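The values are calculated or read from the model by the stated rules, or taken from the named source; none is laboratory data. Please read all numbers here as calculations on a predicted model, not as lab measurements. Here Cβ is always computed from backbone atoms with ideal geometry, including for glycine, and neighbour counts include all displayed protein chains. When the accessible area is computed, the model is the full protein with side chains, heavy atoms only, and any ligands, DNA or RNA have been set aside. Shrake-Rupley method; radii C 1.70, N 1.55, O 1.52, S 1.80 Å.
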Amino acid sequence: MTTTWLLDSPPAGHLLDASAVARLLDAGDAPEPALDMLAFVNHVVPVEYISLVEYVGGVPSQVAGHSNGRHHNITGECFALYKKRFRRADELTRLAARMADDGVGVGKGAVTAFLYDVADIPDADWREQIFLDRGLTGRLSFLYSPLPRTLFAINLYRDRDDGRFEEADLARLLGLAPILQRAHRNALFAHQVSPDLDLRTAQNERSLARTAPQLSARERAVCARIACGIGSDGIAAELGVAVATVATLRKRAYAKLAIHGRQQLSRFTC
C-alpha cells in the first residue's frame, strides 16, 4: 500500500555531512540545482534518480531530472511517457490537486512525503513500462507548495542496484525532506523562475519573437524554457524531443544570438 507523511521540520539530532550541506547551500547558484540536491541525498542514502515536477492546474510538468551517474539518465523519457499515459492513475497527482484546492502547507514550509513501492503502482502498464522495464524499485516524493495554487514534487527513485526503500532508508530520507524543500525553494527564487512555468514560458516566447526574430519556432521554444531555468531533460520532455535535439537547438540559437549562456540570453527575454 502507498504511504504518506506530513513533515514540518528535520528531526532533532539528525546529523549530516558538512561537505554535503555546503554543496546543498550552493545549489541556488548552480546551473542545475537538482543535481546538487541528488548529490546531497546520496551522502545519506543511495538514490539513482531525481525528478523535479511542477503542478499547475493539476497538470504535472518536469522541470529537471538527473541520474547520479551510474546509469543513463532516463528521467526525461520516463516522464514524457508518464505524462501522456499514466499521470491520472497516480495518487500523487490527485494528492497535488487536493493540496492546491485546500491550500495545505502554503507558506508554512510543510512537506508531504509520499511513497510508492514498485508493488504499489496501481496501473499494470505503468508498473511494467516505467518501473520494471527500467529496473526502478520505488519512488519517494516530497510535495510542497511555495505559493498558492503552485506545487512542486521532489521525486527520488531507487533502482535494483540499491534495492527498495527500506525502513531505515525512509527514516533518513524523511529527515532530509524539509531541508531539500528549503534548498529547492531558495534555488527556485534565486533563479527568478516564475511559479507558473506555462505563463513565464509563454511570456519568454513572445519576447523572443520580438527581440530575436532570427530564431526558428523550435529554437525559440527551447530558449524560452532555458530562460525559465528548466534543464535539458525537462525541456526534452515538454517538447517531446530527444535531449540531444535540445542541445543542438540551444547551440544553434546561441550562435545566432552571439551569446554563450543563460545570463546573456536574459537580455532577449526582458
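Numbers for the structure displayed
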| item | result |
| --- | --- |
| Residue tally, condition out of contact with any helix residue (DSSP H, G or I) (no Cβ under 8 Å at 6 or more places or on another chain), open to solvent by less than 40 Å² (accessible area, probe 1.4 Å) and charged (D, E, K, R), over segment 37-81 | 1 |
| Failed item, numbered, when Q192 is tested on (1) of a type in the set (S, T, N, Q); (2) modelled with pLDDT under 80; (3) in a helix (DSSP H, G or I) | (3) |
| Filter pass, G163 being of a type in the set (G, A, S) and in a strand (DSSP E or B) | no |
| Hits in segment 218-268 - residues which are more than 20 Å from the chain's Cα centre (by Cα), part of a helix (DSSP H, G or I) and of a type in the set (A, V, I, L, M) | L249, A253, A255, L257, L265 |
| Candidates E128, E54 - the one that is under 28 Å from A242 (Cβ atoms), out of contact with any His (no Cβ under 8 Å at 6 or more places or on another chain) and modelled with pLDDT under 90 | E54 |
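Table: residues versus (1) of a type in the set (K, R); (2) in a helix (DSSP H, G or I); (3) closer than 24 Å to E32 by Cβ.
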| position | (1), (2), (3) |
| --- | --- |
| E54 | no, no, yes |
| S61 | no, no, yes |
| G65 | no, no, yes |
| R70 | yes, no, yes |
| G76 | no, yes, yes |
| F79 | no, yes, yes |
| Y82 | no, yes, yes |
| L92 | no, yes, yes |
| A96 | no, yes, yes |
